[in-house]
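Here's the structure, in structure tokens; my notes come after.
The values are calculated or read from the model by the stated rules, or taken from the named source; none is laboratory data. All values reported here derive from a predicted model rather than from experimental measurement. Neighbour counts are summed over all protein chains in view; Cβ atoms, including those assigned to glycine, are modelled from backbone coordinates with ideal geometry. We work out accessible area using only protein heavy atoms, side chains counted, and drop any ligands, DNA or RNA first. Shrake-Rupley method; radii C 1.70, N 1.55, O 1.52, S 1.80 Å.
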Amino acid sequence: MLSLFSFFYYLLTLFIYILAIPYLLYKTRNKKYKEAIPAKFFLKNNNSFEKSSIWFHVCSMGEAKAIKPLVESLDETNISVITNTGFEEAKSLSTNVRYLPFEIFLPFWINRQKALVVMEAELWYFLFLFAKKRGAKTYLINARISDKSYNSYKRFSFFYKKVFANIDKIFAQTQEDKERLLELGAKEVEVIGNIKLAQLPKVTKEFTKPDETLITAGSTHEKEEELILNSYKREFGKLVIVPRHPERFEKVAKLLADYAKRNSLSFHRFSKQEDFSSDIILVDKLGELNNIYAISDIVILGGAFANVGGHNPVEPAYFGCKLISGKRIFNQKSLFECVKNYKIIEDDELKQTLENIKNIERSSLVQKGDIKPILKELNGIR
């Protein structure tokens, strides 16, 4: 029997869903969403999990990677995701992978599981409510509440109290996160650090480092490549650019080729020639970023000059690169807290920063995460 709050919440989400149907049908025409949207919003080829197991829910590829050591330590797992890239990554971890359906479907889609383990900020009300109603122990892991989202959480504290009422235990990243979670209504919170640091970067292929400075712009987004090129001088060193999204490879290739031609510089694509012989190199292959960070001297981290929220600084810090980032790191603040020595700059300060790079110390890691408390908890209920 649903509570009055749950009943009205269901009606609200149903109303939102009906309004969104035309937009969702339109978006399915995009190849990128052709499988994900029908699965999440129309349950196409997206049946409930067949077996009762430890059920992990993550949002994206980064979170799917973070649960890898947990999944590998358990016999059998189910995994649900939100994004396309998360789905592809999760398939490498488990044979039981689903897109998480929209809230209105969850009361009918969720079946009995041994435990539900949710990463970070995926605080879906019906997800926890019905997992618990069907007999699962419920956990939130790697929980964090950023400065930016804290006020929003407080404004809707009445709602989050309802969510946290259905979470048995939370594993938080920091003591500050624990205090904020308890304030919002969490019941049991344990601080174990950031579990994304429980699995440190690995080199899968060793490349030969050039005899001069290698600058890598990692996980770049729209307009960030232009900003970097406008700040770059050949005397700074060789420049490697690694766009975040593969669908942008062609566009960035043209931008770099035109720049190189105008400035009498050499350029090549990594997919054609796997070395660093040219002045400017576009890495248009997936899975090479850590291998390149391992031989880089300077890393310009993308996603924070664009308003994306930054990207993972742990990887370049692990390899001791001099680390430069824009100020928009709101999605990565907890990871930057794990890094010592990095430079946060305004967009127009990049050229000056590169000119004075000798004044910046190499980055390193200062904090790790521990997955043992999570495994102890999960092994206790199996």
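Things to note:
- One Cα centroid belongs to the stretch 166-206, the other to the stretch 259-310; the line between them spans 32 Å.
- Straight-line reach from Lys137: taking Cα to Cα under 19 Å and skipping same-chain neighbours fewer than 8 places apart, the aspartates and glutamates in range are Glu50, Asp75, Glu76, Glu120, Glu122, Asp168, Glu188, Glu190, Glu377.
- Across Lys31/Lys91; Lys40/Lys114; Lys205/Lys327; Lys40/Lys68; Lys68/Lys333, pairs whose alpha-carbon gap is larger than 25 Å: Lys205/Lys327
- Value in Å of the Kirkwood radius, where the chain supplies the Cα pairs that are averaged: 22.5 Å
- With contacts taken as Cα pairs under 8 Å and at least 6 residues apart, the stretch 245-382 reaches a relative contact order of 16 percent.
- Entry note, the chain: relative contact order of 12 percent, from Cα contacts under 8 Å with a spacing of 6+ residues.
- Neighbourhood charge, 13 Å Cβ-Cβ cut-off, centred on Ala306 and excluding it, Lys, Arg +1 and Asp, Glu -1: 0
- Alpha-carbon centroids, the stretch 99-142 and the stretch 315-344: separation in whole Å: 32 Å
- Cα-based Rg / Dmax (Å) for the stretch 92-199: 14.1, 40
- Direction-averaged projected area, Cα convex hull, the stretch 43-101: 3.6 nm², rounded to one decimal.
- Calculated FRET value between Lys148 and Leu286, using beta carbons and R₀ = 25 Å, to 0.05: 0.25
- Note on Glu76 and Phe7: the model spin-label points, each 7 Å out from Cα along the C-beta direction, lie 3.9 nm apart.
- Additional length obtainable on full extension of the chain from Phe108 to Lys254, 0.36 nm per residue less Cα span: 47.7 nm
- Local electrostatic count, Pro38, Cβ distance below 11 Å [Lys/Arg +1, Asp/Glu -1]: +3
- Solvent-accessible heavy-atom area per residue, rounded to whole Å², over the chain at 1.4 Å: 48 Å²
- Ranked by the mean number of other Cβ atoms within 10 Å per residue, highest first, peptides 286-292, 224-230 order as 224-230, 286-292.
- Sparse packing (at most 12 other Cβ atoms within 10 Å of the Cβ) combined with a DSSP loop state is found for the following trypsin sites (Lys or Arg not before Pro) in the stretch 209-293: Lys223, Lys233, Lys272.
- The aspartates and glutamates within cross-link reach of Lys322, meaning a Cα-to-Cα straight distance under 12 Å and a gap of 8 or more places when in the same chain, are Asp297, Glu361.
- Ranked from largest, the principal axis spans of the Cα set of the stretch 202-302 equal 35, 30, 24 Å.
- Site pair Thr204 and Phe156 shows an inter-label distance of 3.6 nm when each label is modelled 7 Å from Cα along Cα→Cβ.
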